[in-house]
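Scroll down for the structure; my scribbles are underneath it.
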Amino acid sequence: GKKLGFTFNNRNLHNISLGQGQEVVAEQALDLAAKEGHWVILQNIHLVAKWLSSLEKKLEQHSEGSHRDFRVFMSAEPAPSPEGHVVPQGILQSAIKVTCEAPAGLQENLHRALDNFSQDTLEMCTKEKEFRSLLFALCYFHAVVAERRKFGPQGWNRSYPFNAGDLTISVSVLHNYLEASSKVPYDDLRYLVGEIMYGGHITDDWDRRLCKTYLEEFIKPEMLEGELVLAPGFPLPGIMDFNGYHQYIDDALPPESPYLYGLHPNAELGFLTQRSEQLLRAVLELQPRDSSTAGGGVGTREETVKALLEEMLEKLGEEFNTVELLAKAAHRTPYGAAVLQECERMNSLTGQVKRSLMELELGLKGELTMTSDMESLQNALFLDMVPESWLRRSYPSTASLGTWFADLLARINELETWTGDFSLPSTVWLGGFFNPQSILTAIMQTTARRNKWPLDKMTLQCDVTKKSREDVGSAPREGAYVHGLFLEGARWDTQAGMLAEARLQELTPTMPVLFVRALPVDKQDLRGVYPCPVYKTRQRGPTYVWTFNLKTKDSPSKWVLAGVALLLQV
């Protein structure tokens with residue numbers, strides 16, 4: 001624009017940011033520009049969906065008879081789903097479309113982060129060495145947190161809109177603090193960047209811990225002594241000019257790998273496997289469903305579904321008799337109360353499963369009119385997916401229907417064992433509960449009652465045994481043995497009794513039996529442990545259950561960056 005003489009000073013360039021009642025101003029600018037041959041920039045047109053039809057008409061009106069230098073530039077953010085596409089087809093068809101792709105890989109992200117600045121930026125601070133080192137470290141931090149999203153829940157529990165503004169404001173704050181202080185205020189800088197600039201986006205406590213840990217690794221006094229390594233094989237560079245830093249990234253940054261983010265290569269395998277499964281699932285859903293395109297396959301489809309639902313109905317037994325169980329558990333121990341609640345929730349789920357399967361069976365026989373819910377259920381059964389109506393009453397699960405149903409039967413079996421006499425089994429399958437927290441809380445309540453300790457001053461101690469489930473003969477005198485947990489991001493070294501580097505292609509190794517017992521908070525030994533979050537599924541985030549402290553000889557920060565967590569199902 002500048003080369004052609006279109007600038008704000010010449011008053012022939014109109015830049016309008018939409019979304020704040022600027023539509024009338026935009027229309028006036030378009031009328032003037034069409035007449036005088038000016039340029040108009042309309043930013044964020046996706047924020048004014050209702051006005052876009054008027055804009056389409058206005059552009060159509062000016063497409064003929066307007067000044068030959070008249071141009072309109074529009075920007076919009078991509079819609080998160082097809083339903084969110086608001087830009088009219090007419091505008092899209094008549095426009096030249098340019099997309100701004102997010103950079104892929106750490107190298108591109110790091111170049112893009114550095115390009116928010118210039119040689120002038122590097123020269124603007126009196127503490128040149130400190131400023132340049134910290135600026136480069138912040139650029140690396142920005143690139144890592146932005147690109148880590150690609151690893152799914154093992155990268156971040158939730159997805160956050162980190163943007164270039166967070167980085168440029170952090171660098172402005174850095175400049176102001178360095179100019180105002182005689183020493184580098186490392187703690188203040190970490191707090192401002194981690195809790196406010198970037199932390200302002202973060203809503204999950206475990207993600208906040210991850211963000212803080214990155215900053216503790218990247219912003220510390222060692223950076224000025226030439227001892228800081230940002231990633232394996234990538235030390236923080238010394239003082240260079242702006243182009244020198246770009247050259248250093250190209251020359252010194254190792255090839256793209258999870259190691260650059262502090263993750264194990266298994267993180268990429270897990271993420272790519274999940275992507276492939278989603279793609280194959282989508283392809284499967286696109287298969288033709290009606291007789292005209294399926295070449296007589298509908299009969300087979302209905303027969304498959306019919307056989308499946310008959311088998312499922314046959315395997316589902318009677319519901320739990322909660323009235324009888326309530327009388328049986330008259331003494332109502334904390335465990336009894338938790339198990340009764342589980343039985344009620346299981347009845348709600350199995351009742352829905354049976355009811356919907358029986359309705360579909362009658363529908364397939366022609367004795368009931370097929371409804372849209374029945375058709376959805378039929379499609380789900382055929383595609384080996386858990387129906388939506390079942391998931392609403394179910395526990396979080398990412399399994400296919402066959403695996404989910406086998407798991408359901410195993411959970412029912414587990415509850416039947418509990419309800420025999422409501423005593424604690426030799427080892428508890430923690431993942432077999434809708435609400436695993438209730439069993440863990442019951443362990444604390446039982447110990448609190450026995451020792452007359454206040455419940456709010458207690459915590460759970462988790463010791464990893466060397467036993468497998470088969471080796472456990474009876475329940476412990478206090479606390480409980482727990483099995484069925486998996487470790488993601490690392491493995492458990494049973495001999496050494498501590499966390500160790502994961503083995504390649506062992507994505508979620510099974511943990512030995514855990515001994516979980518309650519003790520007063522002040523008796524807890526927190527030396528040499530990694531506070532490890534426990535989640536119900538690999539989706540992490542809202543499926544959080546508890547925190548178990550696992551022994552480690554490495555610094556806990558290693559496991560934080562590696563996204564190490566315990567899972568109740570994989």
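The values are calculated or read from the model by the stated rules, or taken from the named source; none is laboratory data. This structure is a prediction, so every number in the text was calculated from the model and none was measured. Positions of Cβ are backbone-derived with ideal geometry, glycine not excepted, and every protein chain shown enters the neighbour counts. These area figures cover heavy atoms from the full protein model, side chains too; ligands, DNA and RNA do not enter into them. Shrake-Rupley method; radii C 1.70, N 1.55, O 1.52, S 1.80 Å.
Fully extending the segment from V98 to M358 would add 88.3 nm, taking 0.36 nm per residue of separation and subtracting the current Cα-Cα distance.
Given a 1.4 Å probe and the protein chains as shown, W546 ends up with an accessible area of around 50 Å². Helix 334-365 axis versus longest C-alpha principal axis of the chain: approximately 80°, rounded to the nearest ten.
Given in Å, the Rg to one decimal and the Dmax to the nearest whole number for the Cα atoms of the range 180-225 are 11.5, 35.
Averaged over its residues, the range 106-265 has an accessible area of 42 Å² per residue, based on protein heavy atoms and a 1.4 Å probe. Between the Cα long axis of helix 297-315 and the first principal axis of the chain there is an angle of about 50°, rounded to the nearest 10. As a fraction of the 1.4 Å probe accessible area of the chain, surface on carbon and sulfur atoms comes out at 50 percent. Note on the range 380-411 and the range 308-328: Cα centroid distance 17 Å, given to the nearest whole angstrom. Expressed per residue, the C-alpha convex hull volume of the range 18-58 stands at 60 Å³. Rounded to the nearest Å, what's the spacing between the alpha carbon centres of the range 138-217 and the range 474-503? Just the number, please. Taking the Cα centre of the range 474-503 as reference, the centre of the range 138-217 is 33 Å away.
For the chain, the antiparallel share of DSSP beta bridges with both residues in that region comes to about 65%. Peptide packing for 352-359, 319-326 was compared via the average number of neighbouring C-beta atoms within 10 Å per residue; ordered from the highest value, the list is 352-359, 319-326.
Measuring how big the range 106-265 is from its alpha-carbon positions, Rg and Dmax come out at 14.7, 43 Å. Entry note, the chain: the mean residue ellipticity at 222 nm calculated from DSSP H runs of n ≥ 4, each adding -39500 (n - 2.57), is -14000 deg cm²/dmol after division by the residues and rounding to the nearest 500. Shown for the range 346-434 is the translational diffusion coefficient from the Stokes-Einstein equation, using the Kirkwood radius over Cα pairs, a temperature of 20 °C and a viscosity of 1.002 mPa s: 148 µm²/s. Note: relative contact order over the chain, using C-alpha pairs below 8 Å and six or more positions apart, is 10 percent. Using heavy atoms of the protein chains and a probe of 1.4 Å, the accessible area assigned to K212 is about 90 Å². Each eigenvalue of the Cα gyration tensor of the range 192-290, multiplied by 5 and square-rooted, gives one semi-axis; in descending order these are 37, 20, 13 Å.
With respect to the chain, whose longest principal axis is taken over its alpha-carbon atoms, helix 128-147 is tilted by about 50°.
Taking L174, L409 and ordering them by how much accessible surface each has at a 1.4 Å probe, largest first, produces L409, L174.
The figure for R208 is an accessible area of roughly 60 square angstrom, using a 1.4 Å probe on the protein chains alone. Per residue, the convex hull spanned by the alpha carbons of the chain comes to 236 Å³. When only alpha carbons are used to place a centre, the range 43-120 and the range 237-288 end up 27 Å from one another. Averaged over residues, the count of other Cβ atoms within 10 Å places the peptides 123-133, 273-283 in the sequence 123-133, 273-283, highest first.
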